[in-house]
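Have a look at the structure below, then the notes.
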Amino acid sequence: VEVEPPAKYDPAWARDGIAEKPADRTGQRQWWAQQILGLVPPTHWSTAWKLSPAECVAAVTGDYRKLLLAAWHDAAVRHPDAGWAAPLIAPPAAAGADPDRVDPTLLAGLPPADQEAILVDVLGRSDLKHEALFHLVARTTFPLGPRGTEAVIAVAERRAAAAKKSGYDYELTYVLPELALRLPPAAHEDLARRWVGPYWESNRRALDGCLQTLQLRRDIQREFAT
């Protein structure tokens, strides 16, 4: 995919909200191109090129790869599409993206079922560091179903198994309170049995808080059920 930014600003663009002057140190031509491309629904490109969204993202190379990925990200926020959100949340390194960075903001505009399917797909990738995966988990804002629950628990347990030393984990204290609100309350007993050992003991305060919240949610559900 090649990009040729416009040579000059067309005053007519102002009607569509295209600003002439960049807000940061981005070059003017790149700024115009990013804004214009960011208004086009991403499905336009996959339909026109007869390629899947993942293939479109993987084809991005050259000097303007970051510009195009940023523009497609903006477009996907404006025009939510599950097919495009998945490859843009964690683009391949070949597309000029940081392989250890994930962007969960694109999930917000999608139905919960699509959000969970994408989450499961990204969490299953072996080329992302635990830090990136934990960041995605912490930003998850929808109730997790069976597949999402299994994937999230697997990430937490992989992090525990990979810990070089059993010490305090700052990111775990950030993730667990969020998980306590997203995991199904019925997972309380299972996690209380499984999440034991030196790593979890070093982070006992955060773990206890998570388990207590899950238990409270479970008890409230039981009260409503009776």
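For the stretch 174-220, a residue qualifies if it is open to solvent by 60 Å² or more (accessible area, probe 1.4 Å), modelled with pLDDT under 95 and touching a helix residue (DSSP H, G or I) at 6+ places or on another chain (Cβ under 6 Å), and exactly one does: Tyr174. Which pairs turn up if I take residues in the stretch 12-38 that are free of Cβ contacts under 8 Å to residues at least 24 places away in the same chain and look for partners that are aromatic (Phe, Trp, Tyr) with beta carbon separation below 6 Å, at least 6 apart in sequence or on another chain? Pairs found: Glu20/Tyr9; Pro22/Trp31.
Of all the residues in the stretch 123-157, those that are modelled with pLDDT of 85 or more, buried (at least 19 other Cβ atoms within 10 Å of the Cβ) and in a loop (DSSP other than H, G, I, E, B) number 1. Applying the criterion of being under 12 Å from the mean Cα position of the chain (by Cα) and of a type in the set (Asp, Glu) to the residues of the stretch 72-122, the residue that is modelled with the lowest pLDDT is Asp100. Gly167 satisfies every condition listed in (1) in a helix (DSSP H, G or I); (2) open to solvent by less than 60 Å² (accessible area, probe 1.4 Å); (3) not acidic (Asp, Glu) except (1).
The values are calculated or read from the model by the stated rules, or taken from the named source; none is laboratory data. These numbers were taken from a predicted model, which means no experiment stands behind them. Methodologically, a virtual Cβ is constructed for each residue, glycine included, from the backbone with ideal geometry; neighbour enumeration extends over all protein chains shown. The accessibility values were calculated without ligands, DNA or RNA, using every heavy atom of the protein model including side chains. Shrake-Rupley method; radii C 1.70, N 1.55, O 1.52, S 1.80 Å.
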